[in-house]
Amino acid sequence: MSFKSIALASLLALPLSALADWQLAGDDSSVNFVSVKKTNIPEMHHFKSMSGGISDEGKAQVTIDLASVETNIPIRNERMQKMLFNTAKFAKATISTDVDTEKLKGLKAGESMAVDANVTVEVHGETKTEKAMLQVTGLEGGKLLVTTSTPIIVNAGNYKLLEGIEKLREVAGLDSISPIVPVTAKLVFMQK
């Protein structure tokens, strides 16, 4: 039940600015992560609320509202918000990277390109760099689809989330919850 998935995320999440070339279409985008309990029982989770964009200068950023975590079990959502993410103190996770906007603007609908990116992930007061293999595809209307080609493997210990995982393990009466979390993303950006 570790997250950073978020790192998610994975991925190419972009900052929202008034001058952004592209703005994240939050309703069409998703950041998902898998937690593994009892050694071999995987569970899928996602975040329901995020914003972001890609600026004219090529700064891409996505901000995830950690309180929007959705596990399909209300009490588990609440426990992850309070015990794992500590959303009262750390409400957001941010994923950012630099992109070549000229290449993005050159993508026609149906064309795609692979991008190996170093993404900066900030969560729970910690900032780390994660490797992300992304696929960027041009869509109709000047939109972009950014997906993770492979999951981003996040170590919750790098983000000071191990104590939260231990609290979740104890309250749920589990033998184990893995601190290694695969994160995937599907991000749609609309041209402004």
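The values are calculated or read from the model by the stated rules, or taken from the named source; none is laboratory data. Being a predicted model, the structure only gives us computed values, none of them experimental. Neighbour counts run over all protein chains shown; Cβ positions are idealised from the backbone, glycine included. Remember, those area values only see protein heavy atoms, side chains included, never the ligands or the DNA or RNA. Shrake-Rupley method; radii C 1.70, N 1.55, O 1.52, S 1.80 Å.
Quick notes on this one:
- Percent RCO, i.e. relative contact order, over the chain, from Cα pairs under 8 Å lying at least 6 residues apart: 32 percent
- Computed from the C-beta positions of residue 180 and residue 127, the FRET efficiency with R₀ = 25 Å rounds to 0.80.
- Relative contact order of the stretch 103-161, pairs being alpha-carbon contacts under 8 Å that are 6 or more residues apart, as %: 33 percent
- Estimated [θ] at 222 nm from DSSP helical runs (n ≥ 4, -39500 (n - 2.57)) normalised by residues in the chain, nearest 500: -3500 deg cm²/dmol
- Label-to-label distance, residue 91 versus residue 28, with points set 7 angstrom from Cα along the beta-carbon direction: 2.8 nm.
- Full-stretch length increase - residue 82, residue 137 - with 0.36 nm per residue and alpha-carbon distance subtracted: 16.1 nm
- Surface share of carbon and sulfur [accessible, 1.4 angstrom probe, percent] for the stretch 34-112: 49 percent
- For the chain, the solvent-accessible area of protein heavy atoms averages 47 Å² per residue (probe radius 1.4 Å; ligands and nucleic acids excluded).
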